[in-house]
Amino acid sequence: MAFIIDGKKISAEIKDELRIKVTKLNEEGVNITLAVVQVGNDPASSVYVGNKKKACEYIGIHSLSYELPEQTTQEELLALVERLNSDPEVNGILVQLPLPSHIDEDLVIQTISPAKDVDGFHPQSVGALSIGQKGFVSCTPAGVIELLKRSGIEIEGKECVIIGRSNIVGKPMALLMLRENATVTVCHSRTKNLNEVAKRADILIVAIGKPLFVNKDFVKEGAVIIDVGMHRNANNKLCGDVDFENVLEHASAITPVPGGVGPMTIAMLMNNCVESAVRKN
């Protein structure tokens, strides 16, 4: 039976560590502020934004909330981002994605100052990661690394297969696993014999956006499975990209959905906020 990697427990540990760090920074006169911008009222986005605010409150980070109507123009949103860029009190800026279709997401991401890019999506942040320089790392991939390390799972020298090549998860995940000295293969919708490639993995990271897509036919006996997916099944229950029950007997360790990767994303966002304040000071 696989070891269940407890993302809730590990994220709570990280938040407790950050809380102590923030208290010390406050005592030194350093206060931390995260600005969260949401355009429209997408239900999933509203849940994420609420969870981010709760995490800020717990850790001791001040949060500014900008809840803008769906019809907000691109110019208005960019003007707000520029204002937050120039506000010395703001350490991190987070524009909740997805944005309404009339707004250019790439342009908004590029407008956020790299020094305040706590989501790690700015091209400068991604470029720094790709050449091994310091910069903010996308929160979900950074969270996966912490899950593996804090669960005592060896990364160095292991064969890692990532299913999915998105800019937010797949690509930065590959760069981070390379940084940890894994041998990395990235698979995607055009990969031939996907299950055979996946079966080579000591560590299989699935971020494909298809519910219950990966079953035991994709999993080498004893592999570590990290499921980044989040969906609702026919019974409206949360599930991931991996058919958890089907692969449980074959894996040595696995993340559940919910309670695996999800909580880590917010923990690493908080970590980036604290890091932003430390760098500035």
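The values are calculated or read from the model by the stated rules, or taken from the named source; none is laboratory data. The structure displayed is predicted, hence computed values, not measured ones. As a convention, Cβ positions derive from the backbone with ideal geometry for all residues, glycine included, and neighbour counts pool all protein chains shown.
Summary of computed values
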| read-out | value |
| --- | --- |
| Of all residues in the range 98-109 being free of Cβ contacts under 8 Å to residues at least 60 places away in the same chain and crowded, with 16+ Cβ neighbours inside 10 Å, the one that is farthest from ASN281 (Cα to Cα) | VAL108 |
| Residue list for the range 23-65, restricted to those being within 25 Å of LEU99 (Cβ to Cβ), among the charged types (D, E, K, R) and loosely packed, with under 14 Cβ neighbours inside 10 Å | LYS54 |
| Answer from ALA44, ALA55 - the residue that is out of contact with any strand residue (DSSP E or B) (no Cβ under 8 Å at 6 or more places or on another chain), touching a residue at least 12 places away in the same chain (Cβ under 8 Å) and of a type in the set (A, V, I, L, M, F, W, C) | ALA55 |
| Members of the range 4-15 that are assigned to a helix (DSSP H, G or I) and farther than 22 Å from LEU94 by Cα | GLY7, LYS8, LYS9, ILE10, GLU13 |
| All helices (runs of 4 or more DSSP H) inside the range 139-204 with 3 or more residues being closer than 19 Å to MET268 by Cα and either in contact (Cβ under 8 Å) with a residue 60 or more places away in the chain or touching a Lys or Arg at 6+ places or on another chain (Cβ under 8 Å) (or both) | 139-150 |
| Within the range 110-121, considering residues that are without any contact (Cβ under 8 Å) to a residue 40 or more places away in the chain and buried (at least 22 other Cβ atoms within 10 Å of the Cβ), the one farthest from ASN31 (Cα to Cα) | ILE112 |
| Residues of the range 77-94 classified as surrounded by 14 or more Cβ atoms within 10 Å (Cβ to Cβ), assigned to a helix (DSSP H, G or I) and of a type outside the set (S, T, N, Q), total | 5 |
| From VAL49, VAL37, residue being modelled with pLDDT under 95, at negative phi and not assigned by TED's automatic domain parsing to the domain that holds ILE225 | VAL49 |
| Unique match (being surrounded by fewer than 17 Cβ atoms within 10 Å (Cβ to Cβ) and closer than 21 Å to PHE3 by Cβ) among GLY229, GLY240, GLY222, GLY260 | GLY222 |
| Any hit, the range 195-205, residues being of a type in the set (Gly, Ala, Ser) and more than 29 Å from GLU105 (Cα to Cα) | yes |
